[in-house]
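Here, each number is a calculation from the coordinates, and none is a lab measurement. What you see is a predicted model, and the numbers here were worked out from it, not measured in a lab. All Cβ positions, even for glycine, are placed from backbone atoms using ideal geometry, and neighbour counts span all protein chains on display.
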Amino acid sequence: MQDRRMEQTEVLIVGAGPSGAVAAGLLRKQGRQVLVIEKESFPRFSIGESLLPQSMAYIEEAGMLQDVVEAGFQYKNGAAFAKGELRTEFDFRDKFSPGWGTTYQVQRGDFDKVLADAAAKAGAQVRYRHTVTAVDVSGEQPEVSVTSPEGEEYTVRARFLLDASGFARILPRMLQLERPSDFPVRGALFTHIEDGIAHGDMDRSKILISVHPVHHEVWFWTIPFSNGRCSQGVVATPEYLARYPGSEVERLRAIIAETPSLAHVLRNAVWDTPGRSITGYAANVTALWGRGYALLGNAGEFLDPVFSSGVTIAVTSASLAARCIDRAWRGEAVDWQQNYAVPLQAGVNTFRAFVQGWYDGSFQDVIFHAQHSPEIRRMIASILAGYAWDAKNPYVAEPQRRLQVLGELCRGQQPLQRGGVPA
């Protein structure tokens, strides 16, 4: 690293997606010098298009709220679920936890560019098409080797390094931090379509989650955008997806055809975009931080797309990391395990319990139960809205136990009264 140009910055962020951009905005408000290295050109395609209301607080905290509001994204106030003849929906404005109850459904290429542009406007330097080739955290400060679009190699030394590289997982790969996820391997087929959804067939202000009528672990997302298009995908085991021949779109459409309620909603769709696929997306790491660095969002852990938790976890991690860096700069002792990893993991574990409950069927029993008390619905709505860190919610404080008991009550078709579960 000594035979090339050396740059110095206070905070180096790898990746200009939501976690990187929000972290940059927060750090600029602290007065920090921020350099963001991004290997792609923006806008670029990404999934994770249905935001959760809880993330809006961090977008606002980073000074990016006006940019997002004025971008014209699809307003979102809840989630709808369909399974055979069963229908239910949750309005995120009617929830247990205080805070935002609305958000947006976004084409991520546009959304991520809005955030990255806002970070640049706030004074962060954002370099696109620059590729990280090596990382050295053995010295007093992290050093990162970078190659520019023109092929120039240079090194950046930073007082602190944040990995916001998402599924690229730069630091986990280069520092041997990767750990297999304990989630079963699943895959997804997805595309964008001109949806042609008729008025009354679907509330465009809500994401629609449809469950296969026979295989409860196979589910579909339908995320409407503001321009008459939507993101459409299916999630299942790789073995299940392999049963279907043809292109990604042909396979996706064949599985949708087995699900009459969704096939009806999409009966007028124009399938005008090639499909994509991803397999084995769940990921984990041995540690979320180390000397001089921290992992944000998907670079640390990704669970599953079913409850759209990815962006919320990403921007929450950005806020927690920015607070730790601010304290360190003011000379305070910072325990990154207790002040960053533990609180971040608490919310991730809440989402984890609900994802596990979704796939084993117990949370689906809860969602489609016909006799919820209003109080329980508000508690569940808070989780679905992203408030997985609100320990005042019993389903955050003890997610596994309470979900287990609630699922048993629902399977027994017992009415769910106030409190829902024994103390």
(request) Please give the per residue volume of the convex hull enclosing the alpha carbon atoms of region 1-79, rounded to a whole number of Å³. (result) 126
(request) Starting at the first residue of region 315-323, write each ³J(HN,Hα) from the Karplus equation 6.51 cos²θ - 1.76 cosθ + 1.60 with θ = phi - 60°, in whole Hz, x for Gly and Pro. (result) 6, 5, 5, 4, 5, 4, 5, 4, 5
(request) Enter the angle in degrees (range 0 to 90, nearest 10) between the Cα long axis of helix 18-29 and the first principal axis of the Cα atoms of the chain, meaning the one along which they spread out most. (result) 50
(request) Rank these for me by crowding, Met379, Met6, going from fewest to most other beta carbons within 10 Å. (result) Met6, Met379
(request) Can you tell me the FRET efficiency between Thr286 and Thr102 if r is taken as the Cβ-Cβ distance and R0 is 41 Å, rounded to the nearest 0.05? (result) 0.65
(request) Could you tell me what % of all Cα pairs in the chain have separations over 32 Å? (result) 36
(message) As a footprinting exposure proxy, order Val366, Val249 by other Cβ within 10 Å, with the fewest listed first.
(response) Val249, Val366
(message) Quick check for you: which residues of region 109-141 have the amide N under 18 Å from the point 7 Å beyond the Cα of Arg4 toward its beta carbon?
(response) 127-139, 141
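Please compute, over every Cα-Cα pair in region 1-154, the percentage with a separation greater than 28 angstrom.
I get 33 percent for the Cα pairs in region 1-154 exceeding 28 Å.
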(message) I'd like the orientation of helix 342-360 relative to the chain: the angle between its Cα long axis and the longest Cα principal axis, in ° from 0 to 90, rounded to 10.
(response) 30
(request) Could you list which residues have their amide H under 5 Å from that of Ala282, counting only those 5 or more apart in sequence or on another chain, with H placed in the peptide plane? (result) Arg186
(message) I need the phi-derived Karplus couplings for region 59-66: 6.51 cos²θ - 1.76 cosθ + 1.60, θ = phi - 60°, integer Hz, Gly and Pro marked x.
(response) 4, 5, 4, 7, x, 10, 4, 4
(request) In nm, give the distance between the simple-model label positions of Ala391 and Asp272, each being 7 Å from the Cα along the Cα-to-Cβ direction. (result) 5.1
(request) Among the trypsin sites (Lys or Arg not before Pro) in region 197-259, which ones are in a DSSP loop with at most 13 other Cβ atoms within 10 Å of the Cβ? Mind listing them? (result) Arg243
(message) Over the chain, how many pairs of lysines fall under 25 Å by alpha carbon, counting only those 8 or more apart in sequence or from different chains?
(response) 15
(request) Report the full-extension gain for the segment His215 to Gln400: residue separation times 0.36 nm, less the Cα-Cα distance, to one decimal in nm. (result) 64.3 nm
(request) Provide the per-residue ³J(HN,Hα) series for region 121-127, in order, calculated from phi with Karplus coefficients 6.51, -1.76, 1.60 and θ = phi - 60°, each as a whole number of Hz, with x at glycine and proline positions. (result) 4, 7, x, 6, 8, 10, 10
(request) Find me the longest stretch of the chain that has none of the exposed GluC sites (Glu not before Pro), where exposed means in a DSSP loop (not H, G, I, E or B) with at most 10 other Cβ atoms within 10 Å. (result) 151-331
(request) Would you mind telling me the antiparallel percentage of the DSSP bridges in the chain, rounded to 5? (result) 65
(request) Loop only per DSSP, at most 15 neighbouring Cβ atoms within 10 Å: give me the trypsin sites (Lys or Arg not before Pro) in region 123-165, ordered by residue number. (result) Arg129
(request) Pull up all non-local amide H partners of Lys76: gap of 5 or more, or a different chain, and H-to-H distance under 5 Å with H placed in the peptide plane. (result) Thr103, Tyr104, Gln105
(message) If amide hydrogens are placed 1.01 Å from N in the peptide plane, which non-local residues have theirs closer than 5 Å to the one on Phe225?
(response) Cys230, Ser231
(request) With r as the distance between the Cβ atoms of Ala263 and Gln66 and R0 = 45 Å, compute the FRET efficiency 1/(1 + (r/R0)^6) and round to 0.05. (result) 0.65
(message) Checking the a/c ratio against 1.5 first, then a/b against b/c, what shape does the Cα gyration tensor give for region 351-411?
(response) oblate
